[in-house]
């Protein structure tokens, strides 16, 4: 059974609309992340949360807003969608701590297509 | 500016051969280098990792060779199997960097039976 659940797996949106990507992890981790994988681009770090607090934000646009309602949830709200937002969005989690081990566990991704 | 580069983009080897995947980086502050394996339709999964204080790390058929002076590393997959066919990502981060990984663009490995 997947330990990191992302919903939906696929979604199609029209330009200008808003979507929310859901992420729940059942690994008991206290740090969660969003990464984006666009066509022909490397996986890119977007946000990191630790104990439900924003630790790092590498997303220039305020159209991307993470939302953490519970310790094991980190949703991603995207507003005013643009075709360039088309990508697969991966949620990840890890044990937070002072030592960065790089051991991230990734979900299966939500593939967003913006028309 | 791409901080982590991988080569080749794609690689085909015969079953039983050793596949060699290369990676280089620019940021001298990077000191942790995980390799991730990704199958189609799945998220990346940690395969093996190395800290910059080491120059070699082995885990079964997978070995990382690391050259800090040249800012290069490579992943060797010995006795390649068809099940190893996947995309391999080299990543880099600073310890204490909140797991903010910088990924390379990936190498697609195909292992022919």
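Each reported figure results from applying straightforward, stated rules to the coordinates on display, with no laboratory input. Being a predicted model, the structure only gives us computed values, none of them experimental. A quick note on method: Cβ atoms are made from the backbone with ideal geometry, for glycine too, and the neighbour counts reach across all protein chains shown.
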(message) Per-residue Cβ counts within 10 Å, from other chains only, averaged over A:57-70: what number is that?
(response) 0
(request) Kindly rank B:76-88, B:33-45, B:7-19 from highest to lowest mean number of other beta carbons found within 10 Å of each residue. (result) B:33-45, B:76-88, B:7-19
(request) Take the alpha carbon gyration tensor of the protein assembly as shown, find the square roots of its eigenvalues, order them as a ≥ b ≥ c, and report rounded if a/c is under 1.5; if not, report prolate when a/b exceeds b/c, else oblate. (result) prolate
(request) Any chance you could check the Cα centroid distance between the range A:1-69 and the range B:44-68 for me, in angstrom? (result) 28
(message) With bins 10 Å wide starting at 0, give me the P(r) of chain A over every alpha carbon pair, in whole percents.
(response) 15, 50, 30, 5, 0
(request) Indicate the gyration tensor shape class of the range B:34-113 (rounded, prolate or oblate), computed on the Cα atoms with a ≥ b ≥ c the square roots of the eigenvalues: a/c under 1.5 is rounded; otherwise a/b larger than b/c is prolate and the rest oblate. (result) oblate
(message) Let me confirm one metric for peptide A:44-55, namely the mean number of other chain beta-carbon atoms within 10 Å of its residues' beta-carbons.
(response) 2
(message) To check you understand DSSP bridge types, tell me what percent of the beta bridges within chain A (both residues inside) are antiparallel, rounded to 5.
(response) 90
